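Input: a single structure, listed below in structure tokens.
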Ligand SMILES: [Fe+2]
């Protein structure tokens, strides 16, 4: 008898559709039921997934269409076509997004980096769930390091993940954390990977993406610890395994990729030379537009040069920025790596600071095209900050650009980031003013307020795992 072992997750929510995700322990189909009564006595079967098979680790999505905007729905994800039993109420619920361009104020949560190390490691997700109910959080953005595949002491497999089944096992371990699982059943989620879904600070060695690498210090440390050779190198096949399992758990329930990566006959990312595909996607919530960058799978560090987004992703990003410029007063750029926060001490140069030309291109593009109302949301740093960057806009006007960063949900914190900030060097930047920086475990909450329609405001608050307010700023 099949069982749902992970999920459900409310993925890819929009004003009229949702992707209900689950992973089972054997072949099955997911049946999505929707109702408006809390006990689902009015439940209707609205979608069925394709068969869940071993090829996708028994993960799948029931895609639900035809929903009404801004409407509450209760739901159930079952493995048979028998309606959910009203005695199991209350059922989880979600609220669809408002119609596109409707100026509705809303609040959402975001953060990144979760390495459970013990019993109460996932307390922060209980706190987020309390805030979901209190502040009517509409969704959560999870900006990467959803798993630490290389944290062998805490990833449940006792080694660095290298095979499909290793990566799947790490997700199964992390995503059965009770408070995280409960939260994701009740709060719609949008996810993107950072480095640890594959390996620590990994990059490609060449623009054709034929060879990948991990930093020299990782190779040395793993050699000193007598780790087997497959953990000290990063062959193409391991990247493909990790990205496939990323797709199974994070990608398949997200909105469609803008330019999907091509697949080989095994259903894995083929990564052929010149493939323009990336994991980037976009979505909207009323009058706010979101672009979720893929800052990892196109990243190249070679003797011939460096790239963080890749040519093709630049094209879709710039096209998107021009398309939303006047149509959406508030735009969020989601970057797993920090874009606007540089450190005096940063050996890894694993953030946008390591790609100064591309960062300048981004800043210059915003300034030259006078694109206002842009907020960058970032993770990865294991600290939280808000920093305002004034760009040289047309006629010397200041064009403000904010970065809000939140990480980690649960991981070691980074004291260096709060003590070694330095303003970024770019001819597009007038000045940078950090509002706050704190090296503490945290999650972020963003409130987009359209009550004053002439000038929407965006508020950023940071909370610790017990729900204590750590910092707040109006952007
Ligand atoms: Fe992290």
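The values are calculated or read from the model by the stated rules, or taken from the named source; none is laboratory data. Note that this is a predicted model, so its numbers are computed, not measured. We place every Cβ from the backbone using ideal geometry, glycine too, and count neighbours over all the protein chains shown.
For segment 1-44, which residues satisfy the criterion of being surrounded by 18 or more Cβ atoms within 10 Å (Cβ to Cβ), outside any strand (DSSP E or B) and touching a helix residue (DSSP H, G or I) at 6+ places or on another chain (Cβ under 9 Å)?
40, 43
Consider residue 276 against the criteria (1) touching a residue at least 40 places away in the same chain (Cβ under 8 Å); (2) in a loop (DSSP other than H, G, I, E, B): it satisfies all of them except one. Which criterion is unmet?
It fails just one condition, (1).
Which number in (1) over 29 Å from residue 316 (Cα atoms); (2) assigned to a loop (DSSP other than H, G, I, E, B); (3) touching a strand residue (DSSP E or B) at 6+ places or on another chain (Cβ under 6 Å) marks the one condition that residue 254 misses?
(1)
State the number of residues belonging to segment 144-158 that are more than 15 Å from the ligand (Cβ to nearest atom) and under 18 Å from residue 110 (Cα atoms).
Number satisfying all stated conditions: 0.
Return the only residue of 306, 359 being in contact with a helix residue (DSSP H, G or I) (Cβ under 9 Å, 6 or more places away or on another chain), within 29 Å of residue 273 (Cβ to Cβ), in contact (Cβ under 8 Å) with a residue 60 or more places away in the chain and more than 16 Å from the ligand (Cβ to nearest atom).
Details: 306 fails: in contact (Cβ under 8 Å) with a residue 60 or more places away in the chain.
None of the other options fit; the residue is 359.
So residue 117 passes all but one of these: (1) over 19 Å from the mean Cα position of the chain (by Cα); (2) more than 16 Å from the ligand (Cβ to nearest atom). Which condition number does it fail?
Checking residue 117 against (1) over 19 Å from the mean Cα position of the chain (by Cα); (2) more than 16 Å from the ligand (Cβ to nearest atom), the one that fails is (2).
Based on what the data block shows, is residue 137 under 30 Å from residue 222 (Cα atoms), in the same structural domain as residue 284 (by TED's automatic domain parsing) and in contact with a strand residue (DSSP E or B) (Cβ under 9 Å, 6 or more places away or on another chain)?
no
Take residue 244 and tell me if it is free of Cβ contacts under 8 Å to residues at least 60 places away in the same chain and surrounded by 15 or more Cβ atoms within 10 Å (Cβ to Cβ).
On the way: free of Cβ contacts under 8 Å to residues at least 60 places away in the same chain: no; surrounded by 15 or more Cβ atoms within 10 Å (Cβ to Cβ): yes.
So residue 244 fails the test.
Any idea which residue in segment 362-377 is nearest to the ligand (Cβ to nearest atom), counting only those that are assigned to a loop (DSSP other than H, G, I, E, B) and on the phi < 0 side of the Ramachandran plot?
Looking at the filtered set, the residue picked out is 371.
Looking at 208, 200, which is the one that is under 21 Å from residue 244 (Cβ atoms), surrounded by 17 or more Cβ atoms within 10 Å (Cβ to Cβ) and out of contact with any strand residue (DSSP E or B) (no Cβ under 8 Å at 6 or more places or on another chain)? Steps first, please.
On the way: 208 fails: surrounded by 17 or more Cβ atoms within 10 Å (Cβ to Cβ).
Testing whether each residue is under 21 Å from residue 244 (Cβ atoms), surrounded by 17 or more Cβ atoms within 10 Å (Cβ to Cβ) and out of contact with any strand residue (DSSP E or B) (no Cβ under 8 Å at 6 or more places or on another chain) leaves just 200.
Looking only at residues that are in a strand (DSSP E or B) and within 15 Å of the ligand (Cβ to nearest atom) in segment 386-414, which one is surrounded by the fewest Cβ atoms within 10 Å (Cβ to Cβ)?
Restricting to residues being in a strand (DSSP E or B) and within 15 Å of the ligand (Cβ to nearest atom), the top hit is 410.
Residues in segment 68-78: is at least one in contact with a helix residue (DSSP H, G or I) (Cβ under 6 Å, 6 or more places away or on another chain), surrounded by fewer than 23 Cβ atoms within 10 Å (Cβ to Cβ) and either modelled with pLDDT of 95 or more or not assigned by TED's automatic domain parsing to the domain that holds residue 164 (or both)?
no
Mind checking which residues of segment 385-399 are out of contact with any helix residue (DSSP H, G or I) (no Cβ under 9 Å at 6 or more places or on another chain) and under 22 Å from residue 108 (Cα atoms)?
Those that are out of contact with any helix residue (DSSP H, G or I) (no Cβ under 9 Å at 6 or more places or on another chain) and under 22 Å from residue 108 (Cα atoms): 386, 387, 388.
Is it the case that some residue within segment 95-110 is in contact with a strand residue (DSSP E or B) (Cβ under 7 Å, 6 or more places away or on another chain), closer than 30 Å to residue 266 by Cα and surrounded by 22 or more Cβ atoms within 10 Å (Cβ to Cβ)?
Checked against the condition, which is being in contact with a strand residue (DSSP E or B) (Cβ under 7 Å, 6 or more places away or on another chain), closer than 30 Å to residue 266 by Cα and surrounded by 22 or more Cβ atoms within 10 Å (Cβ to Cβ), segment 95-110 yields no hits at all.
Please work out if residue 380 is on the phi > 0 side of the Ramachandran plot and crowded, with 22+ Cβ neighbours inside 10 Å.
Yes, satisfied.
Those residues that are surrounded by 12 or more Cβ atoms within 10 Å (Cβ to Cβ) and more than 11 Å from residue 160 (Cβ to Cβ), I need them from segment 219-232; list them, please.
Taking segment 219-232 as the starting set, the residues that turn out to be surrounded by 12 or more Cβ atoms within 10 Å (Cβ to Cβ) are 219, 221-223, 227, 230-232.
Residues satisfying the conditions are 219, 221, 223.
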